[in-house]
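One structure is given here, and the rest of the page talks about it.
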Amino acid sequence: MAYTEKYVTSTAGGGGDGSSGNPWTLSEAFSNAVGGQRVNIKSGTYTRTANDTPTNSGNTTNGMIVYRGYNNSIGDLMSNGWNGVRLNTTNFPVIDYGSLYHLECYSPDRTGIVWENIKFTGSKNVSDGAIIRTNYDHVFFRCAFVHSGDGNAVQLFRGTMIQCDTECTKTSFIGSALWARYDVCPVIGSTFIYTGTSPNSNSHGINGWTNPHYINNYIHGFPCGIYVGAMPGTIAFNTIYGCTNYGISCWASSMNARLAFVAYGNMITDGSGRAFQNNSTHLFTVRAVHNRIRDMTTSDTPYYQSDWDYNRITTDTGGASTDYYDITNKDPRLIPTSPGSLAVAPFYSNAGCAGTIKLNSALGFVG
C-alpha cells in the first residue's frame, strides 16, 4: 500500500501538521498518527517526560502505522549494516526514557504499529522496557534497545522482532532481554547481549511462552539463552554463546502439553552449563536435530522417553574456539582452521549470524 508520509524532528516547536515543512513533535505524532501513515523521525535525541502509549485506533482498512527513523533522506538508515553481530545504529534517532518511563504500545483494533531504525534507551529502572501488548501485528524491524533496568528489555504480546539489537547492562539483572509472552511471536535475525555482571540465574536472552519461532538469532552472556514453554514451535540456526546455565531450556507443567518443538541447526558454545535441559513435569518432547555443541562443561539432563537427539555434532575440546568464533570481532560465523574443516557441518557457513537473513523485499511495510 502507499503510505501518507508524516514527519517528526527533535527541534519541532509544536503545533505543526506533520508535513515536511511543519513537522510534528514526537508526542504529537503519537497522539495524531493514524493507520496508513508513515511517520519519519529525523535523527536526534528525543527525551521523554512520561510513558509513551501510542495506539492505532483508526479504521482497520487504513492499515498499519509505521514509525521510521531517517538521517538526511527518507529511508537512508535502511542501508546501515552490522558491526559483527551488532546492528549499526549510527544516526538512528534515539528515544530516551531517562530510566523513569517506557513505551507501551496498544492496538485495540488489531491493525498494528511498525517501528523501523529507531534506538530506545533508558527505559524504566524497576520495570519492563518496551511493552507491546494486546492483539496482533506489532513489528520491530532493525531497532535497538539499550536496557539498564531490572525488568524485561522488551515484552511482546503477539508481536514480531526482526533484525533487532537488544543489550541489557544492569548489574544483577533479573529480567530477560525479550519476554515473548504469548503465542505467535516470531523472532528472526536479532541479537541479545548481556554486558553487565552477576545476572540473576533466572534471566534469559529469550523467555518464550508458547509457539516459539526463534530463527537465526545471536544470544550472548545470559544464564539461559532460550527458555521456552509448552507448545509446538521451531528454534533453528541460533548461535548461543557463553550462556552460563543452559543454552536452551524447556518446561511444561500441564498434562495437556504433550507436544513437541524442534531445535535444529543451533550452535551452542562456551557455556559453563548444559546445552539442553528439559525440566518438564509431563511429556513435553524435544526434537533436537543437527545441533552443534562445543565446550559446554556440564552434561545435559536426561530427556524424557519421547525426546530424541539426532546427529549432534560435538567438539568439546576445552580449548580455544578459533575454528568457529572470532572473539576479536564478535563474529560467530564458522572460521575454518584447515581445508575441509567445515565438512562436519556444511550448513553452518553463516548459521546464527544475526542479520544474515535478508527480508527487506519480503516485508510489505518496507519501502
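FYI, it's all coordinate maths here, none of it is from the lab. Everything quoted here is computed from the prediction, not taken from an experiment. Every residue, glycine as well, gets a Cβ built from its backbone with ideal geometry; the counts of neighbours run over all protein chains shown.
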Legend entry - Exposure proxy ranking, count of Cβ atoms within 10 Å, fewest first, for Val228, Val286, Val184: Val184, Val286, Val228
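Arranged from highest to lowest average of other beta-carbon atoms within 10 Å per residue, in what order do the peptides 190-197, 43-50 appear?
190-197, 43-50
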Inset, instruction - Find how much the distance from Ser19 to Thr171 grows on full extension, using 0.36 nm per residue of separation minus their present alpha carbon separation; answer in nm with one decimal. - result: 50.4 nm
Inset, instruction - Find how many whole Å separate the alpha carbon centroid of region 10-45 from the alpha carbon centroid of region 159-203. - result: 30 Å
Inset, instruction - Give the order of Trp179, Trp251 when sorted by the count of other beta carbons within 10 angstrom, beginning with the fewest. - result: Trp251, Trp179
Inset, instruction - Work out, step by step, the length gained on full extension between Arg312 and Trp251: first 0.36 nm times the residue separation, then minus their alpha carbon distance; give nm to one decimal. - result: 19.8 nm
Legend entry - At R0 = 25 Å, FRET efficiency that the Cβ-Cβ distance of Thr195 and Leu100 yields, to 0.05: 0.70
Legend entry - Packing-based exposure ordering (other Cβ within 10 Å, fewest first) of Ile235, Ile113: Ile113, Ile235
Inset, instruction - Could you work out how far apart the two model spin labels at Thr90 and Asn32 are, taking each label as a point 7 Å from the Cα in the direction of the beta carbon, and quote it in nm? - result: 3.4 nm
Inset, instruction - Report the extension gain between Tyr182 and Asn202 in nm, rounded to one decimal, defined as 0.36 nm multiplied by the number of residues separating them, less their alpha carbon distance. - result: 5.3 nm
Inset, instruction - With θ set to phi - 60°, apply the Karplus curve 6.51 cos²θ - 1.76 cosθ + 1.60 along region 234-251 and write out the HN-Hα couplings as whole Hz, x wherever there is a Gly or Pro. - result: 9, 10, 9, 6, 8, 9, 10, 10, x, 8, 6, 9, 9, x, 10, 10, 9, 8
Legend entry - Computed label-point distance, nm, for sites Asn279 and Ala2 using a 7 Å Cα→Cβ extension: 5.6 nm
Legend entry - Label-point separation in nm, Thr297 to Thr53, each point 7 Å along Cα→Cβ: 4.7 nm
